[in-house]
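Comments concern the structure below.
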Amino acid sequence: MPLVAPQHLADFLGQDVQEERAALIITQAEALCRAVVSPLPEGAGAVVLSVAARAYANPQGIVAETVGPYSVQRPQSQAGLYMTRDERRSLKLMAGRGGAFSINPTPATAGPPPARPASWDLPWWYEQ
């Protein structure tokens, strides 16, 4: 069952959508998200919806448009279905990946450190 229904996409965009086209784009957006994190975490529907809405509303990736006299500018690289860096980061954070972490290299069987000799208490140059 898809995370996002075509009706969710219509509500998000604030317009009617073509059911078959919307379902296809949503399926592809979910597959793209699964390529980053699988299985999709709770709340991933928001990222799927964002990716699908961008592809549905602007499939050619037009970044500029002038009405009179007509002018259009298409991007050099991104068009169609793609994920932004923030969307990939959001998916990873939802899945519990990414962010800061630490690794403890000490084995679980390690005991306390050995005691230092009494002669180590003072620096070598400070002899009494």
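The values are calculated or read from the model by the stated rules, or taken from the named source; none is laboratory data. Everything quoted here is computed from the prediction, not taken from an experiment. Cβ coordinates were reconstructed from backbone atoms using ideal geometry, including for glycine residues, and neighbour counts include every protein chain displayed. Areas reflect the complete protein model, heavy atoms only, side chains present, ligands, DNA and RNA absent. Shrake-Rupley method; radii C 1.70, N 1.55, O 1.52, S 1.80 Å.
For the reader, a short list of remarks on this structure follows.
- Candidates are the residues of the stretch 99-128 that are open to solvent by 90 Å² or more (accessible area, probe 1.4 Å), over 30 Å from ARG88 (Cα atoms) and of a type in the set (A, V, I, L, M); the one that is modelled with the lowest pLDDT is ALA115.
- Residue in the stretch 76-84 that is modelled with pLDDT of 85 or more and exposed (fewer than 10 other Cβ atoms within 10 Å of the Cβ) present: no
For (1) surrounded by 13 or more Cβ atoms within 10 Å (Cβ to Cβ); (2) of a type in the set (Gly, Ala, Ser); (3) modelled with pLDDT of 90 or more, each residue gets a yes or a no:
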{"position": "VAL17", "(1), (2), (3)": "yes, no, yes"}
{"position": "ALA31", "(1), (2), (3)": "no, yes, yes"}
{"position": "ALA52", "(1), (2), (3)": "yes, yes, yes"}
{"position": "VAL72", "(1), (2), (3)": "no, no, no"}
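- Count - residues of the stretch 33-62 that are of a type in the set (Val, Ile, Thr) and assigned to a helix (DSSP H, G or I): 4
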